[in-house]
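> My questions all concern the structure below.
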Amino acid sequence: MELAIELDGHPRIIGLIVGLVDGGRSVERVKVGTAAVRHEVTVTPMFAAATGRMLAQRETAGAGTFIAADTLTGGGAALAVAPPKPAIKTRTKAVGFQVLTCNTAGMLDGLQAGAVGVMPGFAACAPQACYEVLAAWKDGDIELAREKQARLQAAVERVEGELGVPGIKFGCDLNGYYGGRPRLPLLPPSGEERGEIEALMRGIRN
C-alpha cells in the first residue's frame, strides 16, 4: 500500500485497483495518501472518459468528400469517397487519483469508502447482478445496494472465493457466456461442484 501511494504522482499512473480484505479501509488509506494528486486527462464534452481508440480516430480523420454528379458527365470514371465522421470534441479535466475495487464481496464497502468504480471478477459470469449493486449506489439507494450485494454473497464466496477461476469459467458457461476449461494446473469443477454452482447461481442467471 505504501508503494502504491508513493507511485501515485507518476504522470502515467492515474489510478489503482484495490482488492478489499479489510472492509474498505485500504481504499480509505489510498484516498487519504493521494488526496493532493491531480492529473490532467482528456475527456468528452460530457466529461466522460475519452479512450485511446477515440483519440486515434480523431487524429486520423481524413478529408474525403463525395464526387458531384456533374463531374461524371464526360464519360470518365471517378472514385467517390465518403466524408469523414465529425471528429470527437474533447476537453481536459483535472482528476484525482482514481481507485477501483476488484473484490466482488466488498464492492459496496469499497464504493462507500471512496472508490470511483468496481472491477469484480464475478462480473465475468454475472455482469448484470454486479452492475445492479453499482447502479443502486450511484442512484443513492444504499438499502437497495445492500440488498443487491447480499443477493450475491453466497455465490461469490463459493464460486469466486473458494473455486476461483474454474468456478467462474463454469459460471460463464452456465449463463450463456464463454468460459471454457481453465489452464493447467487448474482443473474444471467436479460434477458435485458444478451442481453446487448451478444451485447458487439459480437466482442470478443473466
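Quick grid of which residues meet (1) in contact with a Gly (Cβ under 9 Å, 6 or more places away or on another chain); (2) among the aliphatic types (A, V, I, L, M); (3) at negative phi:
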residue	(1), (2), (3)
112	yes, no, yes
125	yes, no, yes
146	no, no, yes
152	no, yes, yes
159	yes, yes, yes
165	yes, yes, yes
197	yes, yes, yes
201	yes, yes, yes
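> Here are 183, 151: which of them is basic (Lys, Arg) and assigned to a loop (DSSP other than H, G, I, E, B)?
So the residue among 183, 151 that is basic (Lys, Arg) and assigned to a loop (DSSP other than H, G, I, E, B) is 183.
> Which residue out of 171, 140 is at pLDDT 90 or above, assigned to a loop (DSSP other than H, G, I, E, B) and under 28 Å from residue 109 (Cα atoms)?
Criteria check complete, one pass: 140.
> Could you check segment 5-27 and list, in sequence order, the residues that are surrounded by fewer than 18 Cβ atoms within 10 Å (Cβ to Cβ) and at pLDDT 70 or above?
Listed by number, the residues that qualify are 5, 6, 7, 9, 10, 11, 12, 13, 14, 17.
> Then there is this: Go through segment 173-198 residue by residue and tally those that are surrounded by 12 or more Cβ atoms within 10 Å (Cβ to Cβ) and either within 17 Å of residue 127 (Cα to Cα) or not assigned by TED's automatic domain parsing to the domain that holds residue 153 (or both).
The qualifying residues number 7.
Rundown of residues vs (1) under 24 Å from residue 108 (Cα atoms); (2) under 23 Å from the mean Cα position of the chain (by Cα); (3) of a type in the set (Asp, Glu), yes/no style:
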residue	(1), (2), (3)
132	yes, yes, yes
149	yes, yes, no
158	yes, yes, no
182	no, yes, no
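> Also: Among (1) buried (at least 19 other Cβ atoms within 10 Å of the Cβ); (2) farther than 20 Å from residue 28 by Cβ, where does residue 103 come up short?
Status for residue 103: all satisfied but (2).
> While we're here: Can you tell me which residue is modelled with the highest pLDDT among those in segment 106-117 that are buried (at least 23 other Cβ atoms within 10 Å of the Cβ) and closer than 29 Å to residue 45 by Cβ?
If we take residues in segment 106-117 being buried (at least 23 other Cβ atoms within 10 Å of the Cβ) and closer than 29 Å to residue 45 by Cβ, then 111 is modelled with the highest pLDDT.
The values are calculated or read from the model by the stated rules, or taken from the named source; none is laboratory data. Keep in mind it's a predicted model, so treat the numbers as computed, not measured. Methodologically, a virtual Cβ is constructed for each residue, glycine included, from the backbone with ideal geometry; neighbour enumeration extends over all protein chains shown.
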